Structure formats: C-alpha cells, structure tokens
Amino acid sequence: MLKSDNIPTVSKRIEAVQSVKGTRDLMPPETSVWQRVEEEARRVLRAYAFREIRTPILESTALFARSVGEDTDIVSKEMYTFQDRDNESLTLRPEATASAVRAYIEHRLFNEGGLQKLYYMGPMFRRERPQKGRYRQFYQIGAEALGSDHPAIDVESMEMLVLLLEQLSVQEFTLLLNSVGCPRCRPEYLKVLRHALEDVRANLCRDCQRRAVTNPLRVLDCKVEADQPIIEQLPRMADYLCPECRQHFEAVKDGLESRRIDYRQAPRLVRGLDYYTRTTFEITCSALGAQNAVLGGGRYDGLSEMLGGPPAPGFGFAIGEDRLALVVMDSIAKQLELGPLAYVAWIGEAALGSAENLARALRRQGISVEISHQPMKLKKSLGTASKLAARFAIIIGEGELESGRYQVKDMTTGQQTEIETNQIERYLQQNSARAI
Ligand code: HAM
C-alpha cells in the first residue's frame, strides 16, 4: 500500500488556536484609543522633562526577587519564570521599576549628576486570575525620577498625573496617599503590628495567617472582605513615623494642597511591592469596578542599593494602560473619528492617475486618505466612503478633470463644494476640527 493511501481524503475540521488565557488582541477601533492615550502621555511626560527608556522584557529572576520582594504575591506566585537552556533563571518582567533602576546602575547614569527622569511604556506579565481590568499580559506607562528624595518630586509627579487625566477628560478619580516610613522607623511599627496580629491572626484568611509571620505589612493590603473589619483596627504606620518621615509626609501633603490637588489619606495603602519607603499613592476610578486602581506608585529610596548601586533615592509610578484605556474609551471614542479624513472617489479610468496623485500629495502632508484601486460607479464609491466613515469624499470624474476643480462632499452634512485642485489640502485642514 502506498503511503499516500493513509492520508484521509475527507478534510477534518482543525480546531482554531486561541490566544492564551489572560492575554488578548487589541483591535481597531480600540487601538485608536490606546494611541491617543500614549500620545497624550508622551506629550505630558516630555513637558515635565522625562525621557524614554526601553528595557528588555526578559530579566534575571533575581532582579525582582531582590526588589519587589520574595514574600510579595507578585514574586511568590505570579511571575512567569523559566530556566533558560544554560540554566539561568529568567522572568518576564512583572513591572519595570526594578528594570529602570537596574539600567540606571548598569549605565552609570548617577555619574551624570542631578535628577534622572525616565519613562517607559510596554507589556508586563503577572499570572493573576483574569477579570475585567486584570490581565496576565497588561501594559504600563511608567516613570521614575532618580537621584533626589525631595518631597517636591513626589508632588510634581502627582501634579503631572492629574494633568494627564484631565487632558484625557477623565473626570472622576480619587488620589489616595500614605507614607510607609523608612528603614529607621518601620521596624518599630512592624513590631507593634506583629504583636497586634498575634491576637487576631486565627480569624484572618489563610494567606494573611502566613503573611502575619513572613511579611506583616502585606496583611494591610489584603482584599478579602471578611478580613477588612479586623484590618481596620490594626495600628497605623502614620502614628509611628520618625521625625524625618513625618516632615517629608507633611511637605508632600502641603505641596498637594498648595497646588489645589485633592487627595485622601489612606493609612493602609502599603502597596504590593516591598521596595517602597515614605510616600505611597494610587489613583482610583470608580468606573473601573473591582480593579479600580488606574495607577500607583511611590518613593523607593533604598532600591538602588538593594540592586548593588550607589544611593539614589527615587520616586515613580506606573499607569495601568489597559485600565486607563477602559476609562477614557467612552469620552475619547466619541471625539475620535475613526475613518480616514478623505476618500478619493474616481469615476472612469481617465481619472485614476489624477486621483492617485492627489491621494499621494495629501498623504505626504500626513492626511489620512483612502482610495479604491478598482473602478466604481459614483454611488458605490460614496457608499464605500460612508462605510469607511470618511469625513469627506473627493469626487474626480471627467468633468472635474476638465475644469481642474474637484467636488468635495462633506459626508456628515451631505454638502458638496467645488474646490480648486491646489486648494484641497487647505480646505480639508480648515473644515475638519479633528486631528489629521
Ligand atoms: P503596581 O501597582 O503593581 O505598581 O502596578 C501599577 C498599575 O498597573 C496598577 O495600578 C494597575 O493599574 C496596573 N496593573 C497591575 N497589574 C495589572 C494587571 N494584572 N492587569 C491590568 N493592569 C494591571 C507597579 O508596577 C510599580 N512598578 C509602580 C511604580 C513605579 N512604583 C514606583 N515606580
């Protein structure tokens, strides 16, 4: 029997390969919202003198174990870690502050003196339980200011974030603020906290029973409903701050108040990463539901030393871009006209050359243009323009070729105007309020 006789003749339906759980494709028109968010973020970050840094997605596992902390949820159960072929342990970055500080040390940016203000955008990976606003591959827009412990840095960064949210028409958000002290005052607080936890430990969730021993601060950001009344009664870091941390915290609050930035003190806001010192903060949006933190950050004055670098106090934050995109989706989707600005409708082969020349000239000016490559009747052409949500249709037929004046139809009002060929670009620019 020939081998080919074994090949089944009736083709079997092959099961389609799906995207991995907790990951997703970002598709148009949603990607337009993401572009808008990123453009605005870059604009605002540049205005505050941050410069972009791009670090690898793959890092040594030790980087996160040493900075984020072995006992955090992120490191202990959420990282995508694997042994490379040469047995090195690698991890898909779960966050990028550690990477930015590693790069700061590796490239000796501290030698340049003064503040180093860096920002980044890109995917992060955490193996969490997926739900709305929580993914296993998600995106952050983050920024780190390294080289100063001045409270004005904290205030200025929060001012910048409020500006960004306003520019994106995000109206309802809450800035939550806390101080988690420093290695001088925190041990005393941890002693008191441990002591208080001994009495209530048995009534807490199983994770917190473990955390009460291994990393008691983590109990404070437990999300289990039944634990909340107990946690509410635990001692607060704010009551144990050393004079320097207290002064720093007061200066941050004063700075926010003098800039009329509303905030709410959140004594339990310790955040899920171990590197924080002094200021911690988050911005929440109620529209997001359960995963309501649209961004978070704080100060990490000892992180550089933890990673083998010189003292370099730092402050930073990361915006959850997936969540920010969700929040701005409604307001921006209405502003964004998602089709091309112009559709060039040519009628008859004789018009094709002029139509293509016009499309090319407009595109060179950055104007978004679509053109058919097949001949079409006028009605079908206008139908296509409207299907594409083009703002204008430029009609070029025999008559237009002769007169050198093209018909420009405003697809929203139906109004048609005759425009000189060399005036078309100006007309489109002037008659469209939108970004090109
Ligand atoms: P984080 O709070 O872990 O902080 O993450 C920052 C933001 O990323 C969160 O507020 C949230 O919006 C978003 N995010 C986190 N996990 C997910 C997820 N699974 N799915 C969707 N969005 C998520 C950090 O990562 C710190 N590196 C921030 C920082 C920078 N601190 C100082 N500098």
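List of remarks:
- Condition met for ASP274 (closer than 25 Å to ALA100 by Cβ, in the same structural domain as ASP154 (by TED's automatic domain parsing), within 14 Å of the ligand (Cβ to nearest atom) and not small (Gly, Ala, Ser)): yes
- Scanning segment 179-230 for residues that are under 25 Å from MET158 (Cβ atoms) and assigned to a helix (DSSP H, G or I) turns up ARG186, TYR189, LEU217, ARG218, LEU220, ASP221.
- Residue-level check: of (1) within 16 Å of the ligand (Cβ to nearest atom); (2) hydrophobic (A, V, I, L, M, F, W, C); (3) modelled with pLDDT of 90 or more, ALA345 misses just (1).
- Subset of segment 371-396 (residues that are of a type outside the set (D, E, K, R) and within 18 Å of ALA350 (Cα to Cα)): ILE371, SER372, HIS373, GLN374, PRO375, MET376, LEU378, SER381, ILE394, ILE395, ILE396
- None of GLU156, GLU144 is in the same structural domain as ASN292 (by TED's automatic domain parsing), under 25 Å from the mean Cα position of the chain (by Cα) and part of a helix (DSSP H, G or I) except GLU156.
- Residue within segment 104-117 that is open to solvent by less than 10 Å² (accessible area, probe 1.4 Å) and either within 14 Å of the chain's Cα centre (by Cα) or of a type in the set (A, V, I, L, M, F, W, C) (or both) present: no
- In segment 277-288, the residue that is nearest to the ligand (Cβ to nearest atom) out of those that are over 19 Å from ARG184 (Cα atoms) and in a strand (DSSP E or B) is GLU282.
- Enumeration of residues in segment 161-175 that are of a type in the set (A, V, I, L, M) and surrounded by fewer than 18 Cβ atoms within 10 Å (Cβ to Cβ): LEU163
- Residue within segment 140-151 that is closer than 16 Å to ARG323 by Cβ and open to solvent by 40 Å² or more (accessible area, probe 1.4 Å) present: no
- Filtered residues of segment 44-70 (kept if closer than 30 Å to PRO216 by Cβ and either at pLDDT 95 or above or open to solvent by less than 60 Å² (accessible area, probe 1.4 Å) (or both)): GLU59, SER60, THR61, ALA62, LEU63, PHE64, ALA65, ARG66, SER67, VAL68, GLY69
- Top-ranked residue in segment 240-280 [being under 22 Å from the mean Cα position of the chain (by Cα), open to solvent by less than 30 Å² (accessible area, probe 1.4 Å) and hydroxyl-bearing (Ser, Thr, Tyr); ranked as farthest from ILE74 (Cα to Cα)]: THR279
- Only listed residue being modelled with pLDDT of 95 or more and in a helix (DSSP H, G or I), chosen from LEU176, LEU163: LEU163
- Of the residues making up segment 47-94, those that are aliphatic (A, V, I, L, M) and more than 16 Å from the ligand (Cβ to nearest atom) are ALA47, ALA49, LEU58, ALA62, LEU90.
- Whenever a residue of segment 101-115 is without any contact (Cβ under 8 Å) to a residue 40 or more places away in the chain, its partners that are in a helix (DSSP H, G or I), lying with C-beta atoms within less than 8 angstrom and at least six residues away or across chains, give the pairs LEU109/ALA103; LEU115/ILE153.
- Considering segment 289-404, the qualifying helices (runs of 4 or more DSSP H), each wholly inside and each with 3 or more residues that are open to solvent by 70 Å² or more (accessible area, probe 1.4 Å), run over 321-335, 352-364, 378-387.
- The set of residues from segment 124-156 being near the ligand (Cβ under 9 Å from one of its atoms), out of contact with any strand residue (DSSP E or B) (no Cβ under 6 Å at 6 or more places or on another chain) and small (Gly, Ala, Ser) comprises just one member, GLY133.
- Matching option when the condition is among the polar types (S, T, N, Q), closer than 13 Å to ALA342 by Cα and modelled with pLDDT of 90 or more, among SER403, SER432, SER354, SER368: SER368
The values are calculated or read from the model by the stated rules, or taken from the named source; none is laboratory data. Values in this document were obtained by computation on a predicted structure and should not be read as measured data. Counting neighbours? That spans all protein chains shown, and the Cβs are built from the backbone with ideal geometry, glycine included. Accessible surface is based on the protein model in full, side chains and every heavy atom, while ligands, DNA and RNA are left aside. Shrake-Rupley method; radii C 1.70, N 1.55, O 1.52, S 1.80 Å.
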